[in-house]
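Read-outs: derived from the displayed coordinates by stated rules, not from any lab. The structure displayed is predicted, hence computed values, not measured ones. Don't worry about glycine lacking a Cβ; one is built from the backbone with ideal geometry, like all the others, and counts go over all protein chains shown.
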Amino acid sequence: MQHYRIHMEYDGTDFHGWQIQPGCRTVQGTLATVLARLDGGEPVRIVGAGRTDAGVHALDQVASFTLRRERPEEHLRAALNSGLPDDVHVHAVVPVPPAWSARANALWRRYRYRMLRRPSPIGRRFHHLLVRPVDPFAMQRAAVGLLGRHDFRAFARLPPGASSTCEVLEARVEFDARCIAFEIRANRFLHNMVRRLTGVLVEVGRGRLQPEDVATILTQRDVQRGGPCLPPRGLCLVEVGYPDPVVDETPTAP
């Protein structure tokens, strides 16, 4: 038996998210079908670093699993990619110790939400189109207030008793004439957290909120002011950080 880590990219447009769901096309389910076929028909348990939602993309999703039959890394990568559909691709396969987990061993995740400032037929699958002008400088000032350890309950709807504390390590807004991108790196993320945070930043950019209002929303844990949840197509899991070196085959952004 051999335990593996894989780094994979996918276009989430036509997937109902990462996690296996009955009757739905999911990334985990698609990968599980291919792995079972490669491992003699037995079910393979797959652990993903991040449970991306329906329509959310990944540039470097990480997953771990154990196969009964040991295979050379390049042979396994080629076999996976020959069985996977065109909207999923495995960039690297790495043997890891049996206890290694793509989820439990992760130190942080990095997400990027991209917004178009003008219509683009090419970019529409991977960006949210802003219908009104925004001030990206105000958005950046607001993003700074997210840094550090906070209770992000205002930006997620959680079941009773669930932890809502996250530590944000980076938060920045980058832009040019065509696109605005909000990038955030944290030790963990709550359901819909990045899409709602971006929604609040857009409200700041439109002048409906002031940059300092974001810190107030955090402090007051005000779910009603936690921002609109923007569409999933603009969101991408960019990178996952681990204590050990990350492989060099990380793809470039589309």
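What ranking do Ile46, Ile180 get, fewest neighbouring Cβ atoms within 10 angstrom at the top?
Details: Ile46 20, Ile180 25.
Starting with the residue having the fewest Cβ neighbours, the order is Ile46, Ile180.
Report, for the chain, the % of DSSP beta bridges that are antiparallel, rounded to 5. Please list the in-between numbers first.
On the way: 42 of 46 bridges.
In the chain, DSSP labels about 90 percent of beta bridges as antiparallel.
Ignoring everything except DSSP H segments at least 4 long, calculate the 222 nm mean residue ellipticity for the chain; use -39,500 (n - 2.57) per segment, divide by total residues, nearest 500.
Details: 5 runs with 53 residues, N = 254.
Only helices count here, giving -6000 deg cm²/dmol.
Apply the Karplus parameterisation 6.51 cos²θ - 1.76 cosθ + 1.60, with θ equal to phi minus 60°, to every residue of the stretch 203-217 and state each ³J(HN,Hα) to the nearest whole Hz, in sequence, with x for glycine and proline.
In residue order, the calculated couplings are 4, 5, x, 7, x, 6, 10, 8, x, 6, 5, 5, 5, 5, 4 Hz.
If amide H atoms are built 1.01 Å from N in the plane of the peptide, which residues on other chains or at least 5 residues away come under 5 Å of the amide H of Leu209?
Amide H to amide H, under 5 Å and 5 or more residues apart or across chains, Leu209 pairs with Val204.
What number, in percent, do you get for the relative contact order of the chain if the mean sequence gap of Cα pairs under 8 Å and at least 6 apart is divided by its residue count?
On the way: 561 pairs, mean separation 62.0, N = 254.
Value for the chain: 24 percent.
Using the Karplus curve 6.51 cos²θ - 1.76 cosθ + 1.60 with θ = phi - 60°, what ³J(HN,Hα) values do you get for each residue of the stretch 76-87, in whole Hz, with x for Gly and Pro?
5, 4, 5, 5, 4, 5, 6, x, 7, x, 5, 8
Go ahead and set up a Gaussian network model of the chain, Cα springs under 10 Å, then flag whichever of Leu235, Leu84, Leu31 fluctuates most.
Most flexible of the set in this elastic network: Leu84.
Across the Cα atoms of the chain, what radius of gyration and what greatest pairwise Cα-Cα distance (Dmax) are found, in Å?
My reading of the Cα-based Rg and Dmax gives 19.0, 58 Å.
If I take all pairs of Cα atoms in the stretch 108-237, what percentage of them are more than 19 Å from each other?
Working: 3605 of 8385 pairs.
Above the 19 Å cut-off, the stretch 108-237 has 43 percent of its Cα pairs.
If you rank Arg157, Arg71, Arg109 by fewest surrounding Cβ atoms within 10 Å, what's the result?
Details: Arg157 13, Arg71 18, Arg109 22.
Ranking Arg157, Arg71, Arg109 by Cβ neighbours within 10 Å, fewest first, gives Arg157, Arg71, Arg109.
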